[in-house]
Amino acid sequence: MRFWLRNEEMALEEMVQRLNAVSRHTDEIMHQDIVPLCAADIQEQLKRRFAYLSGGRGQDGSPVITFPDYPAFSEIPDKEFQSVMTYLTSIPSLQDAGIGFILVIDRRQDKWTSVKASVLRIAASFPANLQLVLVLRPTGFFQRTLSEIAFKFNRDDFKMKVPVIMLSSVPELHGYIDKSQLTEDLGGTLDYCHSRWLCHRTAIESFALMVKQTAQMLQSFGTELAETELPNDVQSTSSVLSTHTEKKDKAKEDLQLAQKEGQRLLESLREPLAESTAHSVNQDQLDSQATVQRLLAQLNETEAAFHEFWAKHQQKLEQCLQLRHFEQGFREVKATLDTASQKIATFTDIGNSLAHVEHLLRSLASFEEKSSVAVERARALAQQGQQLIENKHYAVDSIHPKCEELQHLCHQFATEIGSRRALLSKSQELHRLLETSMKWCDEGIYLLASQPVDKCQSQDGAEAALQEIEKFLETGEENKIQELSKIYKEYETILNPDLLDHVQKVFQKQESMQEMFHRRQASLKKLAAKQTRPVQPVAPRPEALTKSPCPSPGSWRGSENSGPEGSALRRGPYRRAKSEMSENRQGRDSSTGDEEEGLAILRRHVMNELLDTERAYVEELLSVLEGYAAEMENPLMTHLISTGLHNKKDVLFGNMEEIYHFHNRVFLRELERCTDCPELVGRCFLERMEDFQIYEKYCQNKPRSESLWRQCSTCPFFQECQKKLDHKLSLDSYLLKPVQRITKYQLLLKEMLKYSRNCEGAEDLQEALSSILGILKAVNDSMHLIAITGYDGNLSDLGKLLMQGSFSVWTDHKKGHTKVKELARFKPMQRHLFLHEKAVLFCKKREENGEGYEKAPSYSYKQSLNMTAVGITENVKGDAKKFEIWYNAREEVYIVQAPTPEIKAAWVNEIRKVLTSQLQACREASQHRTLEQSHSLPLPAPSSTSPSGGNSRHVKKLEERKTDPLSLEGYVSSSLPKPPEKGKGWSKTSHSLEVPEDEGGWSSAEEPINSSDAEEDGGVGPKKLVPGKYTVVLDDEKGGPDTLAMRSGDVVEVVEEGAEGLWYVRDLSSGQEGWVPAGSLSALLGTSGSAQCLSSSESSPGSAVLSNSSSCSEGCPAPFSDLQG
């Protein structure tokens, strides 16, 4: 670097010296160093032509300056005269000027007085050497005579350093100067044009100035270039190089213009000779041509000096740019390789299965392939640096260490990759050995499970099974783990605690399987060794034959003879029979044990399938996230991504990353802990059931994901990623994996439950299966829910979605037109209902055209009913699939027909649960308010002393009486109050309680009235009076003297109970009072007739009604506040 700087300084100094010489030589050529005067400065004086340099020479080569006849010569200012004399004497070469000038003063037309004055003035102010002064005196007789006389008498006045010769005529002049050196006005033949001479002189001097300025400009420019500080980055260096090149090109253009100007001037000077070869060129013209040629030579010297400097400066800038490129590449490659090395350092996972290890090897190979670009670039960069060093770059001391570091980084990366691959290869080898052993164990377990116990009881069957076992055990030499110590020693470098534990478990499984085989072998050998029994001479008793295929010890004893011979004959068969019974008993015990063992084997197989598929699922998710999702942010892949995919990663992949982290970090590890106890796997699902809700979010995003995939599936980015991952299926197949996985769990849980009926975790498995099915239902419901269009509110405000489905719906509204109501009974509407905790939505299903999720239906919102004002009638005459949903005291009635009776029952039960929970909440709130009102009447005594206790028992009975068709989820208590005696009532004073308007009536939650149980049992009695508000259900518009005219739907308040089933009431709308039949009223807490209702104690928006009637027309409507949901 320092060497280069010294060279540059030397180059600049050399250029400056050469350009200074050019400027100096230019001044010398033009005599500017002696007389800094130009023709342009005195152009007006030169144009007067009172003196000129014609180019003529004397006999000894003296320059001739001619003073033509100029009448106003005496009027020329001394300064102007002096300037012209100085300029004219500076034009000839120094050699010619040193000889001395010859002055020719033409005064032939002048007077003697002016002649004398002119000669004296010229002699006094001439700035150069004079050799001779020739004066042509006046030609007139008088003036000529006068001049002769005067010159004689005034000779002393004309005494000069040089002789002054008075000439009388031009021929006398020719005696001193040849005619060829005189102009035509002096009788000579010298071609001279004063204006042309003046033009040439101006051009020559202008060109000389241009040469000088060009040299100075290049000198200044070279200094600027040399003093420019070199930038430290590629962009700035490129900018400097570009700027300097542009300035150089501009200077070169100026230089070329100067050269063209010099050539044009030289041609102009040579033009007379070119026009006529006979034309003679005087010495001054030759001198002018020589001057221009010398100036052109100086210009060429200027160009050569600058070009030499620019070549060195350009080389410096180019080498600087090469260095900056090299340094930038070095920084980028080093950062990439450092990052790669850091990432390799994080690759500590050696895999938990063979598939995992193979995936890690593929990931390592993919990573190596991606990093190979950086490695190759590093090697190419190191080679480029070596080339720069060979080309004698000025920064060798900076390039050489970087080249060595690049080579070291490449070697280090290759070493780390090789070390990592070696570890993974070892892990792959070990996992392959473990999986081979596990597969061998599984095959052995299958073999044991597939051997039928009944066939093995025979000798041939036992021998055949024994041969199968022995043949299988022979394959163990190449499939099983031989020695643990050898495994520990050979794979010591990769045996972490998890893998070591896995090896031990596999070995234990292998040992356990071998032990099972040995036990089975021992049993089969005993069965195969049994001898065929001879036929007994004494037949057993018939009853013994019918009872058991094998004779019992009792039967043998019953047939024994008391004789010694008989005893001796039968002792042997008795012992054999006893031995046989013992063996049969052991066989039965063995059969039961084998059955349990077979179930355990099947549970292990289900568990293995669950674990294997879970690991494969996690690996597939990882490959998608690394091979597709992460690549969308890779700058090297950006050019392959279409514009439609920009910033759409979250849309395409949804929350797949969240699902992957849950399974990889949590769920898979918990499943692996259940390897030895598969029947307990249900607890894993139950403990993580909330985490499985993430699948709902993924499935809700799936339509958007599939739509985006269809738009961009042909994008080269996906094809390139699929090629790198070596996937046989495209991305959309892998995006479907989470949906397939969540549905796979319920199948595996069913299988596990089938083989775990009598095991410890059977209840957990059943609960886990129900929970997974619930999640699947919630996911399915949510997929329908997001398809609702046209609903203005927020669906989440409606509470949890409980059920959804398609139904045929008829409407029957009180306020509707008669024809509309009649038509509605015959023409059903197809509606899709969504039951939420707080409302039920009616939507119209619209099928969409398209593929995949685009073919899924959408639902146009039509209306919604607030569950606080909804009631149902469970049964409708004529159709077991119909039920009613009615709203606001049956102002709106919707007859709903389900596809099947089962679906109807499910919906009715779910709606009953919602209404029951609302009623319970209202009653608890009402009780709380009642207890706070110290002035209120005491409530009727409940069956329990504690309101809360009564409620809890009441709710319990709700759950217990689901089988009663008239029971409201078991709501009606089994200990209902008996009907009061006829005529018994309560006084007006006893009804002094002022019921608040906002509560709307009596609020006893423990005494529902008008139970249909009494009517169904055949008991008929007067209606029990309960204070509060009632709704009129039978019209009685005539009225009487003491009776009150009523219309169906009027709301009244009971004042007093009278005799013969009459109540004294007050009409709340008109304020009138009177007696009405008790049967014409329906309490806000119940219904009359055969209808049974469940209602809250308030007619506020918190009230709800549940009805169970034979048809929508026969059931008495339960009163509501006129509220809109």
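The values are calculated or read from the model by the stated rules, or taken from the named source; none is laboratory data. Here the structure is a predicted model, which means the values were calculated and not measured. A quick note on method: Cβ atoms are made from the backbone with ideal geometry, for glycine too, and the neighbour counts reach across all protein chains shown. When the accessible area is computed, the model is the full protein with side chains, heavy atoms only, and any ligands, DNA or RNA have been set aside. Shrake-Rupley method; radii C 1.70, N 1.55, O 1.52, S 1.80 Å.
Going by what's in this entry, would Gln319 be described as over 26 Å from Ala374 (Cβ atoms) and in contact (Cβ under 8 Å) with a residue 60 or more places away in the chain? In short, no. Residue-level check: of (1) at pLDDT 90 or above; (2) outside any helix (DSSP H, G or I), Asp676 misses just (1).
In the set (1) assigned to a strand (DSSP E or B); (2) open to solvent by less than 40 Å² (accessible area, probe 1.4 Å), the condition left unmet by Ser806 is number (2). Spot the failing condition for Ile204; the list is (1) closer than 19 Å to Glu44 by Cα; (2) modelled with pLDDT of 85 or more, and only one is missed. The failed condition is (2). Residues in segment 463-477 that are surrounded by fewer than 16 Cβ atoms within 10 Å (Cβ to Cβ) and either of a type in the set (Phe, Trp, Tyr) or assigned to a loop (DSSP other than H, G, I, E, B) (or both): Thr475 only. Among the numbered conditions (1) touching a residue at least 40 places away in the same chain (Cβ under 8 Å); (2) open to solvent by 40 Å² or more (accessible area, probe 1.4 Å), the only one that His727 does not meet is (2). Among the residues of segment 677-698, those identified as within 14 Å of Glu658 (Cβ to Cβ) and open to solvent by less than 10 Å² (accessible area, probe 1.4 Å) are Phe692, Tyr695, Tyr698.
In this entry, Gly761 passes the filter for residues that are surrounded by 17 or more Cβ atoms within 10 Å (Cβ to Cβ) and not acidic (Asp, Glu).
Looking across segment 734-758, the residues that are open to solvent by 40 Å² or more (accessible area, probe 1.4 Å) and either hydroxyl-bearing (Ser, Thr, Tyr) or not in a helix (DSSP H, G or I) (or both) come down to Leu736, Thr743, Tyr755, Arg757, Asn758. Give the residues of segment 184-206 that are part of a helix (DSSP H, G or I) and open to solvent by less than 60 Å² (accessible area, probe 1.4 Å), sorted by residue number. Within segment 184-206, Leu186, His194, Trp197, Leu198, His200, Arg201, Thr202, Ala203, Ile204, Glu205 meet the criteria.
The residues of segment 891-919 that are crowded, with 18+ Cβ neighbours inside 10 Å and assigned to a helix (DSSP H, G or I), listed by number, are Lys904, Trp907, Val908, Ile911, Arg912, Val914, Leu915, Thr916, Gln918, Leu919. Here Lys838 clears all of (1) closer than 30 Å to Tyr698 by Cα; (2) at pLDDT below 85 except the condition numbered (2).
Results for (1) surrounded by 14 or more Cβ atoms within 10 Å (Cβ to Cβ); (2) under 25 Å from Cys38 (Cα atoms), shown as yes or no for each residue.
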{"residue": "Leu173", "(1), (2)": "yes, no"}
{"residue": "Ala208", "(1), (2)": "yes, yes"}
{"residue": "Lys212", "(1), (2)": "yes, yes"}
{"residue": "Glu253", "(1), (2)": "no, no"}
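Of all residues being part of a helix (DSSP H, G or I) and closer than 20 Å to Leu636 by Cα in segment 701-716, which is most open to solvent (accessible area, probe 1.4 Å)? Just the residue, please. Top of the filtered list is Pro716.
Checking Ala378, Ala355, Ala365 one by one, the residue that is in a helix (DSSP H, G or I) and either in contact (Cβ under 8 Å) with a residue 60 or more places away in the chain or open to solvent by 70 Å² or more (accessible area, probe 1.4 Å) (or both) is Ala355 and no other. Can you tell me which of (1) of a type outside the set (Asp, Glu); (2) under 20 Å from the mean Cα position of the chain (by Cα); (3) at pLDDT 90 or above is the one Phe685 doesn't meet? Only one criterion is unmet by Phe685, namely (2). Whenever a residue of segment 273-298 is closer than 21 Å to Pro63 by Cβ and aliphatic (A, V, I, L, M), its partners that are modelled with pLDDT of 70 or more and in a helix (DSSP H, G or I), lying with C-beta atoms within less than 7 angstrom and at least six residues away or across chains, give the pairs Val292/Ile204; Val292/Phe207; Val292/Gly262; Val292/Leu265; Val292/Leu266; Val292/Leu269. Just the residues that are of a type in the set (Val, Ile, Thr) and within 59 Å of the chain's Cα centre (by Cα), please, taken from segment 450-501. Scanning segment 450-501 gives Ile469, Thr475, Ile481, Ile487, Thr493, Ile494. Out of segment 43-60, which residues are open to solvent by 10 Å² or more (accessible area, probe 1.4 Å), part of a helix (DSSP H, G or I) and not basic (Lys, Arg)? Scanning segment 43-60 gives Gln43, Glu44, Gln45. Residues of segment 387-401 that are surrounded by 14 or more Cβ atoms within 10 Å (Cβ to Cβ) and more than 16 Å from Phe330 (Cα to Cα): His393, Tyr394.
Looking across segment 222-266, the residues that are outside any loop (DSSP other than H, G, I, E, B), within 60 Å of the chain's Cα centre (by Cα) and polar (S, T, N, Q) come down to Thr223, Gln235, Ser236, Thr237, Ser238, Ser239, Ser242, Thr243, Thr245, Gln256. When every residue of segment 656-664 is checked against the conditions, none turns out to be over 30 Å from Leu602 (Cβ atoms), of a type in the set (S, T, N, Q) and out of contact with any strand residue (DSSP E or B) (no Cβ under 6 Å at 6 or more places or on another chain). Report yes if Leu269 is touching an Asp or Glu at 6+ places or on another chain (Cβ under 6 Å) and part of a helix (DSSP H, G or I), otherwise no. For Leu269, the condition - touching an Asp or Glu at 6+ places or on another chain (Cβ under 6 Å) and part of a helix (DSSP H, G or I) - is not met. Within segment 495-541, being surrounded by 15 or more Cβ atoms within 10 Å (Cβ to Cβ), modelled with pLDDT of 85 or more and in a loop (DSSP other than H, G, I, E, B) holds for one residue alone: Leu495. The set of residues from segment 920-932 being open to solvent by less than 30 Å² (accessible area, probe 1.4 Å) and out of contact with any helix residue (DSSP H, G or I) (no Cβ under 8 Å at 6 or more places or on another chain) comprises Cys922, Ser926, Thr930. With respect to being farther than 30 Å from His502 by Cα, open to solvent by 30 Å² or more (accessible area, probe 1.4 Å), of a type in the set (Asp, Glu) and modelled with pLDDT of 85 or more, Glu404 fits the description.
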